[in-house]
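Trainee: Just passing along the structure, written as structure tokens.
The values are calculated or read from the model by the stated rules, or taken from the named source; none is laboratory data. Everything numeric here is computed off the predicted structure, so don't read it as measured data. All Cβ positions, glycine included, derive from the backbone under ideal geometry; neighbour counts span all protein chains shown.
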Amino acid sequence: MSQGLGKLSQLRRLSLTALRLPGHLRMLLSSFPQPLEVLELPYLSLTPADLSYLSCSPHASSLQQLDLSENRLDELALPSVRRLLSQASSCLMQLSLSGCGLTDGLLAAMLPSLSCCRGLKSLGLALNPLSLAGLLDLVRTVVRMPSLRQLLYPNPLEDYQPGLPPMPSSAQLLDWPLDELVEVHEATSLQLDRVVMESGRSDLLLTCDLLNYNKDLVDRYFSWK
């Protein structure tokens, strides 16, 4: 496959969804004669070694869109993810890290690198096990990112019904019922909206609606307002 991909000299966009090829990213991407601008790698079971390669590859500084959803990003992967964000900071416009197992601590360690992506317009972080405190820290960071127009955020752990495992997977977060009390979700929305309002960011859309989220509709949404 890598030899065939290497012959596509004009290729700038690559989507490799659910191929489950841990440890093979270098083999797949090193054959490209030109750096990629769009790279979608969801459900690929990427390893820390894969992410280390990507963060140091020629592609890193050219990426405009990056999707690493449903790849576990743990403490071993964190340094490479931070380096990747730093390398892509001048050009990255769309980033999806949904379902990556990001806890409050992991996300907090990632936020400084994320905030350097000054051109980022769309950020997807759904189905990550964040508490309300972690979610508020996230929103306080993104309101200071001037180009960001849309944040897909996860429902905080406090919004779920009792019994959710301490470290739930993205599948568990997707299937576990949310609290039936409307007041719980309204309280979360009010706190997030207050942070946005106090920052003066009327051009920033926050949503937890995973089913209707579309990262490509950001500019169109605000043109209607």
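Trainee: Yes or no: Leu92 of a type in the set (A, V, I, L, M) and touching a Gly at 6+ places or on another chain (Cβ under 9 Å)? First the steps, then the outcome.
Mentor: Working: of a type in the set (A, V, I, L, M): yes; touching a Gly at 6+ places or on another chain (Cβ under 9 Å): yes.
Considered against the rule, which asks whether it is of a type in the set (A, V, I, L, M) and touching a Gly at 6+ places or on another chain (Cβ under 9 Å), Leu92 comes out as yes.
Trainee: Give me the pairs, please: first residue somewhere in the stretch 110-126 and closer than 19 Å to Pro42 by Cβ and modelled with pLDDT of 95 or more, second residue anywhere and part of a loop (DSSP other than H, G, I, E, B) and aromatic (Phe, Trp, Tyr), beta-carbon distance under 6 Å, and either six or more positions apart or on two chains.
Mentor: Partner pairs satisfying both residue conditions: Leu125/Tyr153.
Trainee: Here's another thing I want to ask about it. Of all residues being of a type in the set (S, T, N, Q) and assigned to a loop (DSSP other than H, G, I, E, B) in the stretch 102-161, which is farthest from Val38 (Cα to Cα)? Just the residue, please. Step through it out loud before you land on a result.
Mentor: Residues of the stretch 102-161 that are of a type in the set (S, T, N, Q), as a first pass: 103, 113, 115, 122, 128, 131, 141, 147, 150, 155, 161.
Filter again for assigned to a loop (DSSP other than H, G, I, E, B), leaving 103, 128, 131, 147, 155, 161.
Numbers: Thr103: 26, Asn128: 23, Ser131: 31, Ser147: 19, Asn155: 28, Gln161: 38 Å.
Ranking the candidates gives Gln161 first.
Trainee: So which residues in the stretch 53-73 are in a loop (DSSP other than H, G, I, E, B) and either in contact with a Leu (Cβ under 7 Å, 6 or more places away or on another chain) or crowded, with 22+ Cβ neighbours inside 10 Å (or both), if there are any at all? Give the derivation first.
Mentor: Filtering the stretch 53-73 for residues in a loop (DSSP other than H, G, I, E, B) gives 57-59, 63-64, 68-73.
Those that are in a loop (DSSP other than H, G, I, E, B) and either in contact with a Leu (Cβ under 7 Å, 6 or more places away or on another chain) or crowded, with 22+ Cβ neighbours inside 10 Å (or both): Ser57, His59, Leu63, Gln64, Leu68, Ser69, Glu70, Asn71, Leu73.
Trainee: For the stretch 127-145, check the following and say yes or no: at least one residue is closer than 26 Å to Leu25 by Cα and either crowded, with 20+ Cβ neighbours inside 10 Å or without any contact (Cβ under 8 Å) to a residue 12 or more places away in the chain (or both). Break it down into steps so the answer makes sense when it comes.
Mentor: Going through the stretch 127-145, the residues closer than 26 Å to Leu25 by Cα turn out to be 127-128.
Those left that are additionally either crowded, with 20+ Cβ neighbours inside 10 Å or without any contact (Cβ under 8 Å) to a residue 12 or more places away in the chain (or both): 127-128.
Taking every residue of the stretch 127-145 in turn, at least one turns out to be closer than 26 Å to Leu25 by Cα and either crowded, with 20+ Cβ neighbours inside 10 Å or without any contact (Cβ under 8 Å) to a residue 12 or more places away in the chain (or both).
Trainee: On the basis of being out of contact with any Asp or Glu (no Cβ under 7 Å at 6 or more places or on another chain) and among the aliphatic types (A, V, I, L, M), does Leu19 make the cut?
Mentor: Values: out of contact with any Asp or Glu (no Cβ under 7 Å at 6 or more places or on another chain): yes; among the aliphatic types (A, V, I, L, M): yes.
Yes, satisfied.
Trainee: Restrict the check to the stretch 122-131 and report whether at least one residue is out of contact with any strand residue (DSSP E or B) (no Cβ under 7 Å at 6 or more places or on another chain) and of a type in the set (Gly, Ala, Ser). Before you say what the answer is, go through the steps one by one.
Mentor: Just the residues of the stretch 122-131 that are out of contact with any strand residue (DSSP E or B) (no Cβ under 7 Å at 6 or more places or on another chain), to begin with: 127-131.
Checking which are of a type in the set (Gly, Ala, Ser) leaves us with 131.
Scanning the stretch 122-131, I find at least one residue that is out of contact with any strand residue (DSSP E or B) (no Cβ under 7 Å at 6 or more places or on another chain) and of a type in the set (Gly, Ala, Ser), so the answer is yes.
Trainee: To continue, here is another question. Identify all residues within the stretch 161-177 that are closer than 19 Å to Ser98 by Cα, surrounded by 10 or more Cβ atoms within 10 Å (Cβ to Cβ) and more than 22 Å from the chain's Cα centre (by Cα); write none if there are none. Lay out the reasoning, then the answer.
Mentor: Of the stretch 161-177, the ones closer than 19 Å to Ser98 by Cα are 164-177.
From what's left, surrounded by 10 or more Cβ atoms within 10 Å (Cβ to Cβ): 164-165, 168-174, 176.
Hits for the stretch 161-177 are Leu164, Pro165.
Trainee: Right, something else. Which residues, counting only those in the stretch 176-204, are closer than 21 Å to Gln150 by Cβ, among the small types (Gly, Ala, Ser) and outside any loop (DSSP other than H, G, I, E, B)?
Mentor: Ser189, Ser199
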